[in-house]
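Beneath this line is the structure, given in structure tokens, with notes to follow.
Just so it is clear, none of the values below were taken in a lab; they were calculated from the coordinates. These figures come from a predicted structure and were not determined experimentally. Backbone-built Cβ (ideal geometry, glycine too); neighbour counts: all protein chains shown.
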Amino acid sequence: MNLRISKNKLKRNNVKLQEKKKLNLDSGIFRYINNKLYTLSSKDFLVELENNKKIEYSKCYHKNYQKQVASWPKHPVDEICAFLKTQSKPLTVFDLGCGTCDMYKNLKNIHKVISIDFGDFEDLLIDVPIHKSVEDVITEGGFIRRNITDLSEFEEESADVVIFSLSLMCKDWPDYISSAHRLLKKDGYLIIAEPVSRLEKKANFTKAITVNGYKLINETQQNAFFKVEILA
């Protein structure tokens, strides 16, 4: 009897140890990917993903990201969605660097949301249509995997709104702004949510914005961590 209890206890301890090891490994991978996202170009980052398919970097990153989001007092997605829900007519919204498509899930019954990211994590997308062709995602909304720096498959001036919610990553992020400029209609909105510290270091950010002709029309700070800017 005592031997059986000891074996069961040992088994439980082994399970806990394995879970702890996996948690530490996932956290380490998350930090590694986060560092790469800010130090590599998007093209080089895609090579990094391709070379490490077995580790499933994208899935690990987004699973850990969702755990972090759960502890935030507010999320920029909530404020952006609240703003878009006040718009009186249905809009075509491009969510660039969409992650697990929270914007689509919140707005799909009001606006057509086209969610774009370059990560390989489609099986994390619950109740989100996943498309291979641009024609299908334009017609139905949902997710398509593409590099944000090259969205030439999409028609110019086809978006009423383009969103970057904590997604201006990789060294070539100014090219993301150029992609947004090409997509946006003349009277469209560009909505950007980024950490306050990053937007306060405004030299590069301001240059990328103004070179494409944008002007700030609204700015809100949710807390010490995030700021949402709406430009036109």
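Across the chain, Cα-Cα distances exceeding 22 Å account for 56% of all pairs. Based on C-alpha pairs under 8 angstrom that are at least 6 apart in sequence, the chain has a relative contact order of 17 percent. Using R0 = 30 Å, the C-beta based FRET efficiency linking Ser71 and Glu219 works out to 0.75. Ranking Thr206, Val47, Ala232 by how far each Cα lies toward the positive end of the dipole of the chain (charges on Cβ) leaves Val47 at the top.
Working from label points 7 Å from Cα in the Cα-to-Cβ sense, the Glu135 to Lys207 distance is 4.2 nm. In the frame of its principal axes, the stretch 112-188 has Cα extents of 32, 29, 19 Å, reported largest first. Considering helices alone, the calculated mean residue ellipticity of the chain at 222 nm is -14500 deg cm²/dmol, with DSSP H runs of length four and up weighted by -39500 (n - 2.57) and normalised per residue.
Among the trypsin sites (Lys or Arg not before Pro) found in the stretch 119-171, those both in a DSSP coil and sparsely packed, with 11 or fewer other Cβ atoms within 10 Å of their Cβ, are Lys132. Peptide packing for 91-104, 30-43, 206-219 was compared via the average number of neighbouring C-beta atoms within 10 Å per residue; ordered from the highest value, the list is 91-104, 30-43, 206-219. Between the helical axis of 57-69 and the longest alpha-carbon principal axis of the chain there is an angle of about 90 degrees. Tell me whether the stretch 60-127 comes out rounded, prolate or oblate; compute the Cα gyration tensor, take square roots of the eigenvalues as a ≥ b ≥ c, and use a/c under 1.5 as the rounded threshold. Taking the square roots of the gyration eigenvalues as a ≥ b ≥ c, the stretch 60-127 is oblate. Computed from point charges on the beta carbon alone (+1 for Lys and Arg, -1 for Asp and Glu), the dipole magnitude for the stretch 81-198 about its Cα centre is near 440 Debye. Name the residue farthest towards the positive end of the dipole of the chain from the options Cys60, Phe121, Val196, assuming +1 on Cβ of Lys and Arg, -1 on Cβ of Asp and Glu, about the Cα centre. Towards the positive end, the residue furthest out is Cys60. Put a plus charge on the Cβ of each Lys and Arg, a minus charge on the Cβ of each Asp and Glu, and nothing anywhere else: the dipole of the chain about its Cα centre is then about 1720 debye.
In the structure shown, do any of Lys43/Lys185; Lys74/Lys227; Lys36/Lys59; Lys53/Lys132 have a Cα-Cα gap over 23 Å, and if so which? Long pairs (Cα-Cα over 23 Å): Lys43/Lys185.
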